[in-house]
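A quick write-up on the structure given underneath.
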Amino acid sequence: MTDRLLTSVVGSHARPSWFVAGIDAAEHGAFGPADLSEMLDDAVDLAIHDQEEAGIDIVCDGEMRRAGFFTAEFYRHLTGVRPLPSDRRLGAGGHDQQHRFEVIEPIAAPDGLGVVEEYRFARTRTQRPLKVTLPGPYTLSGRLSYGPGQVYAQRDDAAEAFVPLLRAELEGLAAAGATFIQIDDPSPAIHPDAPSDFAALFNAAVAPVVGKVRLGAHLCFGNYLGRPLARRTYRPVLDAMLRFDVDELVLEFANREMAEVNILGEIAAAGRDIAAGVIDVKNYHLESPDEVAERTEAVLDAGVPIERLTLVPDCGFSQTARWATVAKLRAMVAGRDLVLGHHS
């Protein structure tokens, strides 16, 4: 019997009501720095507790110090940018309502991107293996302005500006003791027709820690307000994904009814471990353990060795209510246990 079939999470954890209310209060000046720090510490504790209570093997801090994946945290660490108003503020929620930033001088992060400090705190809160997550260079460039006559003429120029910032952050994480780092760069899947060399950008960013830590790459199709932002097919970008210098590819399948699952056999044959999405974070249907086991068996039947497979949700849980998040995590672990029982 193998005990290698692990469970993990992709990144963000559900935001409980008190957390959302606290972020709003902080943004309106009702919190002092100590108040905000205490709340964020408590939020990390809650995220780790929920994962541990569900039985997750490899946990993370739930990205609870990032109230928004892009704007609320990472760009606050940058110099050379200033916020712009959203293109659209009313009506149905969509990706065009997210913040944008004007670049007024070459970007820098004199004090880092904040992820090393996130890791150091989370490492004191759990004894379980801990995964650190941060976005890749092309993804980070998505909210910056670029064009003729601007600081960055095209998006690739903005993405390249993030490479040294990410290299420094990754080196800091490795020095602080991080052993598993996941880079979230869904851009190849979202922009399959872009002329960019996604793998070259990605590999330039991670180069300092290749071989020093376990590296994963998460490529999803978008999850802002629970909505994708892509055609949702990996086949056109398979070659680009396989050129990412990582140990593991983290991919979503549950919300696509396990479409393209056979592609995983090709990825495994190319020498990559697989973290397969078997929980649909964009659906309030609560999976049963039997459903999770069925999805897992489909991955194994595709040719992924059980010892090289980790079960994860499709994406982060920041757009999912906590009650559903907890139920889905428990079902994922219970489904994994059923599979291990079948393969004993």
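Data for the structure
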read-out	value
Which listed residue, of GLU252, GLU260, is acidic (Asp, Glu), under 20 Å from LEU238 (Cβ atoms) and surrounded by 24 or more Cβ atoms within 10 Å (Cβ to Cβ)	GLU252
Residue within the range 141-154 that is in contact with a Gly (Cβ under 8 Å, 6 or more places away or on another chain), crowded, with 17+ Cβ neighbours inside 10 Å and not in a loop (DSSP other than H, G, I, E, B) present	no
Any hit, the range 85-102, residues being crowded, with 21+ Cβ neighbours inside 10 Å and under 24 Å from the mean Cα position of the chain (by Cα)	no
Among the residues listed as SER318, SER288, the single one being surrounded by fewer than 17 Cβ atoms within 10 Å (Cβ to Cβ) and farther than 23 Å from ARG214 by Cα	SER288
Any hit, the range 333-341, residues being farther than 24 Å from HIS13 by Cβ, buried (at least 19 other Cβ atoms within 10 Å of the Cβ) and of a type in the set (A, V, I, L, M)	yes
Residue within the range 181-204 that is more than 18 Å from LEU311 (Cα to Cα), exposed (fewer than 15 other Cβ atoms within 10 Å of the Cβ) and at pLDDT 95 or above present	no
Selection within the range 287-328 - under 15 Å from GLY277 (Cα atoms), out of contact with any strand residue (DSSP E or B) (no Cβ under 8 Å at 6 or more places or on another chain) and of a type in the set (A, V, I, L, M)	ALA293, ALA298, ALA302, ILE306
Listing of helices (runs of 4 or more DSSP H) fully contained in the range 163-244 that carry 3 or more residues being closer than 26 Å to VAL281 by Cα	187-190, 238-242
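One line per residue, one yes/no per condition, for (1) in a helix (DSSP H, G or I); (2) in contact with a Cys (Cβ under 8 Å, 6 or more places away or on another chain); (3) under 18 Å from ALA54 (Cβ atoms):
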{"residue": "VAL261", "(1), (2), (3)": "no, no, no"}
{"residue": "GLU266", "(1), (2), (3)": "yes, no, no"}
{"residue": "GLY271", "(1), (2), (3)": "no, no, no"}
{"residue": "ILE274", "(1), (2), (3)": "no, no, no"}
{"residue": "GLU287", "(1), (2), (3)": "no, no, yes"}
{"residue": "ASP290", "(1), (2), (3)": "yes, no, yes"}
{"residue": "GLU294", "(1), (2), (3)": "yes, no, no"}
{"residue": "GLU297", "(1), (2), (3)": "yes, no, no"}
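The values are calculated or read from the model by the stated rules, or taken from the named source; none is laboratory data. What you see is a predicted model; the values in this text were computed from it and never measured. Cβ atoms come from the backbone with ideal geometry, glycine included; neighbour counts cover every protein chain shown.
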